[in-house]
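Presented below is the structure to which this report refers.
Only the coordinates and a few stated rules stand behind these numbers; no lab work does. Bear in mind the structure is a predicted one, so any value in this text is a computation, not a measurement. We place every Cβ from the backbone using ideal geometry, glycine too, and count neighbours over all the protein chains shown.
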Amino acid sequence: MTTPEERARETIDAKLAESGWIVQSRDDVNLAAGPGIMVREFALTGSHGYADYMIFVDGKSVDVLEANLQGNEADTHSRLTAIVHKFVPVGSRSRSPE
């Protein structure tokens, strides 16, 4: 039986993939897989724990996304769109989260 957190992560992963992001597990990272990578449960330094998603564009970390399915979807969408516009060249935006 899956937990609510696992079901939420599956939904978030699907939405990110539909938007053109490549979603990867922290145990199986390949930053060369494409221009936009989301790494699940990325380990942070020190005692900071884990980020729900670390965002990489062209192999460089650019931001952290904390998963939140309820209440802030518009904010999350706006943030991802801003990241795409800031870091992804127009010709590489085959499926941006717009």
Exercise. Considering amide H positions built from the backbone, and no H for Pro or chain starts, which residues 5 or more places from Asp63, or on another chain, come under 5 Å of its amide H?
Worked result: Ile55
For this session: Please arrange Ser25, Ser47, Ser61, Ser19 by counting, for each residue, the other beta carbons lying within 10 Å of its beta carbon, fewest first.
Result: Ser47, Ser25, Ser61, Ser19
